[in-house]
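Take a look at the structure below.
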Amino acid sequence: FFVALCALRLGSMSSASIAQALNEQRGGFDFELTKRNALLEGAGMKVPRATKTGTTIVGMVYKDGVVLGADTRSTQGNTVADPNCQKIHYIADNIWCCGAGTAADTEFTTALISSKIELHKLATGKQPRIVTALTMLKRMLFRYQGQVGAALILGGVDCNGPALYQVYPHGSTDYLPYVTMGSGSVNAMAIFETEYKDNLSQEEAMAIVHKAVLSGIYNDLGSGSSVDLCVINKDGHKLMRGYDCPNPRKFRYPGGFIYPPGTTPTLSTSFKKSAEPVVVAATVTMEVDA
C-alpha cells in the first residue's frame, strides 16, 4: 500500500517538481560532496582540504569543579588558518565542551547539542545533567560512524558534582579525572601524569591545566597562539579568553609590507559578455515535523 501510494503521488507530480523536491536542503549534515571529491582526486586534481583545529585541548577535575583548557590555533595543512580560534564551546551554563578535529564539525556539533539541551531544560524545568549532553553527543557521533570529525572533552558540574568525559569521533566515551586530546595531547598528558593529585584547589588545577596547554604549544606545530581556560563550579562558570599568550612576535617590519600593483604578473585576461542576464535565486526550506 505504501509503495502504491508513493507511486501515485510521484505520478501526479511533474519532473520539475520531483527534481526540486530531491534538491531541497533538508538541514543537518550533508555528505554529497564526498563523491565529487573522489572524482577530483581520481582525475589528479587537488582535493579541497578542511580546516583542522590542530589542537591541544585538556580538562581536569578539581575538588569543587572542572577546569578546561585549549590553545587557539587552527590550521589548514601547513598554514595557520586562524590564530584566535575558540575551541571551548558553550553547551549550557553548567556544561562546556572543548573540541578538536575539523573546526566546522566541532563548532556545529556543539551548537546543535547546546540547542537540544536548552529545549530539554525548558521541557523539564531543571538544570541539565552532564550525562544527558554526553548521551546526545555520543548518539549523534555514532550515527555518522566517525565521518563527523569532532573529538570532544565534555566537562561540567550538576546535581552529582563535577564530571569530565572524553568523547571520540566515532561515539565511544571515557569517564576520567583528567583528559587530553588533539595533536598536542601526548605533551599535555606528560604534565598531567606528573602533577595530578586528588582534591586539587581551583588555583592548583588552573596552574596545571595552563602548564599542560603550554606544553602542547611549545612541542606541537599544530598548536599555538594563546591559552584559553574555562572554570566551572557550583557557583557558575568563568571563560577566560586569552589567559596567556606565549611566544609573542618580537619583530615586525617597520611600516608593514607593501606590494605595488604588478608584483604578481597577470598571464592573460579575457572578458565575454553574456547574451542574457543571469539571475541567481536561492531558496532554503525549513523542515517541519508534523
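The values are calculated or read from the model by the stated rules, or taken from the named source; none is laboratory data. What you are looking at is a predicted structure, and each value in this text was computed from that prediction instead of being measured. Reconstructed Cβ throughout: ideal geometry from the backbone, glycine too, with neighbour counts over all protein chains shown. To get the accessible areas, we keep the full protein, side chains included, count just its heavy atoms, and leave off ligands, DNA and RNA. Shrake-Rupley method; radii C 1.70, N 1.55, O 1.52, S 1.80 Å.
Here are a few things to note about the model shown:
- Breaking point among (1) surrounded by 21 or more Cβ atoms within 10 Å (Cβ to Cβ); (2) within 17 Å of the chain's Cα centre (by Cα), for Tyr168: (1)
- Within region 182-202, the residues that satisfy the criterion of being of a type in the set (Gly, Ala, Ser) and either open to solvent by less than 40 Å² (accessible area, probe 1.4 Å) or touching a Phe, Trp or Tyr at 6+ places or on another chain (Cβ under 6 Å) (or both) are Gly182, Gly184, Ser185, Ala188, Ser201.
- Leu33 meets each of the listed conditions (1) among the aliphatic types (A, V, I, L, M); (2) within 20 Å of Gln147 (Cα to Cα); (3) open to solvent by 60 Å² or more (accessible area, probe 1.4 Å); (4) touching a strand residue (DSSP E or B) at 6+ places or on another chain (Cβ under 9 Å) apart from (4).
- Any pair with Cβ under 7 angstrom, 6 or more apart, that starts in region 216-234 at a residue that is within 16 Å of Ala188 (Cβ to Cβ) and ends at one that is open to solvent by 30 Å² or more (accessible area, probe 1.4 Å) and of a type in the set (Asp, Glu): Ser226/Asp244; Val227/Asp244
- Qualifying residue in region 258-266 (condition: under 21 Å from Pro83 (Cβ atoms) and either among the charged types (D, E, K, R) or modelled with pLDDT of 85 or more (or both)): no
- Residue in region 187-194 that is in contact with a Pro (Cβ under 8 Å, 6 or more places away or on another chain) and closer than 26 Å to Thr102 by Cβ present: no
- Condition met for Glu118 (in contact (Cβ under 8 Å) with a residue 40 or more places away in the chain and open to solvent by 60 Å² or more (accessible area, probe 1.4 Å)): no
- Of the residues Val179, Val209, the single one that is open to solvent by less than 60 Å² (accessible area, probe 1.4 Å), in contact with a strand residue (DSSP E or B) (Cβ under 7 Å, 6 or more places away or on another chain), in contact (Cβ under 8 Å) with a residue 40 or more places away in the chain and under 15 Å from Val231 (Cβ atoms) is Val209.
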